[in-house]
Amino acid sequence: MKPFPRAEISRQALQDNLVRLREIAPNSKVMAVVKANGYGHGLLNVAQCVDNADGFGLARLEEALQLREGGVKAKLLLLEGCFRQTDLPLLVQHQIDTVVHHESQLEMLENSTLSAPITVWLKVDSGMHRLGFGLEQFDDVYQRLIDCPNVKKPVHLMTHFACADEPDNNLTQQQMDAFTQLISDLPGDRTLANSAGTLFWPQSQCDWIRPGIALYGVSPVFGDKGTHHGLQPAMELVSNLIAVREHKAGQSVGYGAHWTADKDTKLGVVAIGYGDGYPRNAPEGTPVWLNGRRVPIVGRVSMDMLTVDLGAEATDQVGDLVQLWGQALAVEEVAEHIGTIAYELVTKLTPRVVVDLQE
Ligand SMILES: *Cc1c(COP(=O)(O)O)cnc(C)c1O
């Protein structure tokens, strides 16, 4: 018997999603974003499945080093740059590109003696106001990078969108205009688009797109689905039914006796809970997929288990496979029930969930 709960990762879906993203952005290179353990899909799994991506985007140096140790030769970019001066030699040694978004990172580069220059992506704050140099600082910072012997030329240029997942929000166009105007006659590659930019703002695609969630087959937009864009969900989160119980009208179930049956029914107990990363705040009625139908969660999600109302006529058996999200039940829909985004659901799975790559 296979271990459960497990996250089954489809190699084919990941590969097909990369092909689909190349169709959507035919003139762009793809920086596949695999931070946070490949959005919960397994860092090396993902990098090896989409080994023809043009590069990989990461948030931590440790993630980049794991890829190099795993034999990944492609371009790697630290999307938030380097946090410690002592890490810079590792970037040289392992040929890892870095974002420079802050004065402190600029100073680290200026104050180091490195055996070879590092490839730098200068991050401009075009309106998100989280990371990046302001438009008024740009010329000065750019010149310092050009003057710095530890920086490989040309310097590449990047910005990030705040609201690209809202197709009607004109902040995205404003950000594109501000960025484009600022860097118009400079050499170097440009990158603006995350998944939402790639899917909804084709003018933002330019040299490199940086898709994360779309690579996993999930839409970045609330109320939307990856499948609407020709993408396929790459993760199927499954577990097993470990009990089927007769349940009488008037009986409650679980911690806090939170839910009470209004008629006789059967309850199923599924071996997954918040200890696996399935959110405790999933409300009653959140669906799971079992034997070809949706059944609702009832009662509270506990650490190792959750309970579902199977209905009085149910014929489900202990050992039956339950899908929490995947092909049959879109993770986007589950996220809506829970009041979060699919990004959080896939990324927050705990190490107890076995990540199982399907060939
Ligand atoms: C995480 C991240 C991305 C990918 O975002 P998605 O919405 O998952 O496509 C792209 N760029 C940067 C800078 C990021 O931090």
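The values are calculated or read from the model by the stated rules, or taken from the named source; none is laboratory data. In this text the structure is predicted, and so the values were computed from the model without any measurement. Every residue, glycine among them, receives a Cβ derived from its backbone with ideal geometry; neighbour counts consider all protein chains shown. What goes into the accessible areas is simple: the full protein's heavy atoms, side chains included, and nothing from ligands, DNA or RNA. Shrake-Rupley method; radii C 1.70, N 1.55, O 1.52, S 1.80 Å.
Per-structure values
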quantity	calculated
Inter-residue pairs, beta-carbon under 7 Å, first under 15 Å from residue 218 (Cβ atoms) and in region 28-40, second among the charged types (D, E, K, R) and within 8 Å of the ligand (Cβ to nearest atom), 6+ apart	33/210
Test set (1) open to solvent by less than 10 Å² (accessible area, probe 1.4 Å); (2) more than 16 Å from the chain's Cα centre (by Cα) - residue 68 fails condition number	(1)
Test: residue 162 is at pLDDT 95 or above, touching a Leu at 6+ places or on another chain (Cβ under 8 Å), within 13 Å of the ligand (Cβ to nearest atom) and at negative phi	yes
Candidates 53, 36, 59, filtered to the one that is crowded, with 22+ Cβ neighbours inside 10 Å and closer than 27 Å to residue 325 by Cβ	53
Cross-chain or 6+ apart pairs with Cβ under 7 Å, region 203-227 first and charged (D, E, K, R) and within 12 Å of the ligand (Cβ to nearest atom), then open to solvent by less than 10 Å² (accessible area, probe 1.4 Å) and at pLDDT 95 or above	210/31; 210/33; 210/57; 210/191; 210/193
Residue among 199, 237 that alone is buried (at least 23 other Cβ atoms within 10 Å of the Cβ), near the ligand (Cβ under 10 Å from one of its atoms) and among the hydrophobic types (A, V, I, L, M, F, W, C)	199
Whichever residue in region 77-87 is open to solvent by 20 Å² or more (accessible area, probe 1.4 Å), farther than 28 Å from residue 171 by Cα and within 26 Å of the chain's Cα centre (by Cα) and, among such residues, is farthest from the ligand (Cβ to nearest atom)	84
Selected residue [open to solvent by less than 70 Å² (accessible area, probe 1.4 Å) and under 25 Å from residue 217 (Cα atoms)] from 335, 312, 261	335
